[in-house]
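The values are calculated or read from the model by the stated rules, or taken from the named source; none is laboratory data. All values derive from a computational prediction rather than experimental measurement. Note that we place each Cβ from the backbone using ideal geometry, even for glycine, and neighbour counts take in every protein chain shown. To get the accessible areas, we keep the full protein, side chains included, count just its heavy atoms, and leave off ligands, DNA and RNA. Shrake-Rupley method; radii C 1.70, N 1.55, O 1.52, S 1.80 Å.
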Amino acid sequence: MTPSIKLASAALTLAALLGAAACSQPAEAPAEAEAAADAMPASTDVHPFSVGDLQLAALRDGTIVLPVDQSPWGDPAVVASILSEAGEEGDAVHLSVQPLLVRQGDRVVLIDTGAGGQMGTQNGLPGALSAAGVDPAEVTDILISHAHGDHIGGLANAEGALAFPNAVIRMSAPEWRAMQAGAEEQGLADLVTAITPQVQTFEPGAAIMPFLTAVSLDGHTPGHSGFSITSGDERLLYIGDALHSAVISVQRPELVNAWDSDSDTAIATRQGLLERGANEEQRYYGVHFPYPGLGRIEQRDGGFVWSPES
């Protein structure tokens, strides 16, 4: 399949999945809808916000800093030029890492777990959770967008024990199969052994909770998932690593990203997200976008830009 055909196909598939996520949510129980959680305290590392009756918070884990000659986008001169034209420092790419906390009733949901201090990050998630008033033992569900180190690094502590002992760990079935198959090669064998009793898989596009549906965002890894979070008429899409950089991925989605397992499909997914986000003014959560990662895509000068919430 040619890239152009893949692009059209992926955009149509993405539109169908997002549309289904928006309109096929199981109804929330009245008691749950009325019992919205108390607002979480704000701090330097906790950014509370809401989606309808749901209380959410961006949790700062750290920042990955990549010199342009180590970025996954190829030619360092091209990367530096894109960053400089956007008003960024041209010598390095900065990717924030901020897992997302969602509270509804007795559910305490964490989407991704940060890098656990890997990749030059600061392992800020434990402190951010504490500042948000959440004990790790209270987390009921962990949703994993994909099994890269900056998303699963916080699943276990330095001693190898589960960081969230009471949480069900949910990821797509194809992502879990890939994680198991590559465990030895990627140095994840101990982690896979530790989390296996807690893992429950879902099929791509499945409704996981009354307010949360998985969205297949193909191309980055075998089972890469976004998550559509809905309450009332409001919706937020957690985009995972479909878009890494708020500058490069958004303004130059056609650039090959060496971190993607299927480049043509990943490019098509990026383009579909950008077009749909701009056309429908959707609210996105970029786990690697500048903290706190909330905003929308806008069309400008024949392309796209990221417009963060103020």
Response to the item:
Among the residues of the range 221-243, the number that are open to solvent by less than 20 Å² (accessible area, probe 1.4 Å), assigned to a loop (DSSP other than H, G, I, E, B) and at negative phi is 7
Worksheet, complete the sentence: The number of residues in the range 166-195 that are among the hydrophobic types (A, V, I, L, M, F, W, C), part of a loop (DSSP other than H, G, I, E, B) and closer than 25 Å to residue 262 by Cβ is 2
Worksheet item: Has the range 253-260 got any residue that is buried (at least 24 other Cβ atoms within 10 Å of the Cβ), modelled with pLDDT of 95 or more and either part of a loop (DSSP other than H, G, I, E, B) or in contact with an Asp or Glu (Cβ under 9 Å, 6 or more places away or on another chain) (or both)?
Response: no
Worksheet item: Somewhere in the range 294-304, is a residue crowded, with 16+ Cβ neighbours inside 10 Å and closer than 26 Å to residue 182 by Cα?
Response: no
Worksheet item: Could you count how many residues in the range 187-216 are closer than 25 Å to residue 118 by Cβ and either of a type in the set (Phe, Trp, Tyr) or over 21 Å from the mean Cα position of the chain (by Cα) (or both)?
Response: 7
Item to complete: Among residues belonging to the range 196-220 that are touching a residue at least 40 places away in the same chain (Cβ under 8 Å) and in a strand (DSSP E or B), point out the one that is most open to solvent (accessible area, probe 1.4 Å).
Response: 207
Practice prompt. For the range 60-93, name all the residues that are open to solvent by 40 Å² or more (accessible area, probe 1.4 Å), more than 16 Å from residue 257 (Cβ to Cβ) and not in a loop (DSSP other than H, G, I, E, B).
Written response: 63, 65, 67, 77, 81, 84, 85
Response to the item:
Residues in the range 175-185 that are open to solvent by 30 Å² or more (accessible area, probe 1.4 Å) and either farther than 24 Å from residue 120 by Cβ or modelled with pLDDT under 95 (or both) total 5
Worksheet item: Out of the residues in the range 105-119 that are more than 23 Å from residue 223 (Cβ to Cβ) and in contact with a helix residue (DSSP H, G or I) (Cβ under 7 Å, 6 or more places away or on another chain), which is surrounded by the most Cβ atoms within 10 Å (Cβ to Cβ)?
Response: 108
Item to complete: Sort out which residues of the range 120-158 are of a type in the set (A, V, I, L, M), surrounded by fewer than 18 Cβ atoms within 10 Å (Cβ to Cβ) and closer than 30 Å to residue 67 by Cβ, and write them in order of number.
Response: 158
Worksheet entry | Enumeration of residues in the range 94-114 that are assigned to a loop (DSSP other than H, G, I, E, B), closer than 19 Å to residue 213 by Cα and of a type outside the set (Val, Ile, Thr) | 99, 105, 106, 112
Worksheet item: Out of the range 159-172, which residues are touching a residue at least 12 places away in the same chain (Cβ under 8 Å) and open to solvent by 10 Å² or more (accessible area, probe 1.4 Å)?
Response: 160, 161, 162, 163, 164, 165, 166, 168, 170
Discussion item. I'd like to check something: does the range 267-285 contain any residue that is assigned to a strand (DSSP E or B) and among the hydroxyl-bearing types (Ser, Thr, Tyr)?
Written reply: yes
Worksheet, complete the sentence: Within the range 213-241, the residues that are within 15 Å of residue 283 (Cα to Cα) and hydrophobic (A, V, I, L, M, F, W, C) are 215, 227, 229, 236, 237, 239
